[in-house]
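Notes for the one structure printed next.
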Amino acid sequence: MTQLHVLDHPLASLHLTRLRDKNSRPVEFRDAAKKLAQLLAAPATHSLSTRRIELTTPVAETHGTALDETVSLIPILRAGLIMVDPFLDLLPESEVWHFGMIRDEETAEAESYYCKVPEDRPTDFAIVLDPMLATGGTLRAVIHRLQRWGVKRIAVVSLIASPEGVAALTAEFPDIELHTCAVDSHLNEKKYIVPGLGDAGDRTFNTLR
Ligand code: URA
């Protein structure tokens, strides 16, 4: 089964409150989104593969840890961009591959309009960044694309998820991990998460009209 991890922490609740509040200005919204992404980065990377290395402190010989796999951050355009820097701060050697997805109005299927990955060199661990897991249609398409690329392990990180989206991913992908700060009540008729936060892209980039 897809493993669902909901971050239960007072700091997550505090910043989620700022994120949801419709009176938060874009600067506050971006700040809250980045802090939540950073809080999620630790649990989302708990399975990172590392190896032991030797080193010397000013006092003694000891050992430490080095990363032992390639990690790629996959922000889904455009809202996922806000989550990149908090992850890069902690994993500065990560590759970043941007995925652009659009919903086909006739088939209701998510289609890729931008995806450029080095086909001959799959990453070991892909961390997909999308603030809102709503229907799950986009993320399903992205995960299929990553699997075709040959990625071995995939984690999805969303600030807020819907029960419908969680169910869709859970049913289809037994091996991926899903990390979020909240699983909300439901999707409304426009497929927005309730209570949610509105449109994450518009609130991040100040394009609300
Ligand atoms: N995308 C958003 O930005 N918000 C939602 O509630 C659902 C999808």
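Of note:
- Number of positions in the range 166-176 that are in contact with a helix residue (DSSP H, G or I) (Cβ under 7 Å, 6 or more places away or on another chain) and surrounded by 17 or more Cβ atoms within 10 Å (Cβ to Cβ): 4
- Hits in the range 184-209 - residues which are among the acidic types (Asp, Glu) and near the ligand (Cβ under 8 Å from one of its atoms): Asp199, Asp202
- Residue count for the range 3-52, restricted to those that are of a type in the set (Ser, Thr, Tyr), farther than 13 Å from Val157 by Cα and either within 16 Å of the chain's Cα centre (by Cα) or surrounded by 14 or more Cβ atoms within 10 Å (Cβ to Cβ) (or both): 2.
- Any hit, the range 118-133, residues being acidic (Asp, Glu), out of contact with any Ser or Thr (no Cβ under 8 Å at 6 or more places or on another chain), open to solvent by 50 Å² or more (accessible area, probe 1.4 Å) and assigned to a strand (DSSP E or B): no
- Residue among His144, His179, His186 that is open to solvent by 30 Å² or more (accessible area, probe 1.4 Å) and within 16 Å of the chain's Cα centre (by Cα): His144
- Any hit, the range 170-183, residues being near the ligand (Cβ under 9 Å from one of its atoms) and either in contact with a His (Cβ under 7 Å, 6 or more places away or on another chain) or over 20 Å from Arg103 (Cα atoms) (or both): no
- Hey, Lys152 open to solvent by 10 Å² or more (accessible area, probe 1.4 Å) and either touching a helix residue (DSSP H, G or I) at 6+ places or on another chain (Cβ under 9 Å) or away from the ligand (no atom under 15 Å from the Cβ) (or both) or not: yes
- Among residues of the range 49-69 that are within 26 Å of Ser94 (Cα to Cα) and without any contact (Cβ under 8 Å) to a residue 24 or more places away in the chain, those with a beta-carbon under 9 Å from a residue that is in a loop (DSSP other than H, G, I, E, B) and of a type in the set (A, V, I, L, M) at least six positions away or on a different chain give the pairs Asp68/Leu48.
- Candidate set from the range 173-209 (those that are basic (Lys, Arg) and closer than 18 Å to Phe29 by Cα); member that is modelled with the lowest pLDDT: Arg209
The values are calculated or read from the model by the stated rules, or taken from the named source; none is laboratory data. Nothing here was measured: the structure is a model prediction, and the numbers come from that model. A quick note on method: Cβ atoms are made from the backbone with ideal geometry, for glycine too, and the neighbour counts reach across all protein chains shown. The protein model used for the area step is the full one, side chains on, heavy atoms only, and it has no ligands, DNA or RNA in it. Shrake-Rupley method; radii C 1.70, N 1.55, O 1.52, S 1.80 Å.
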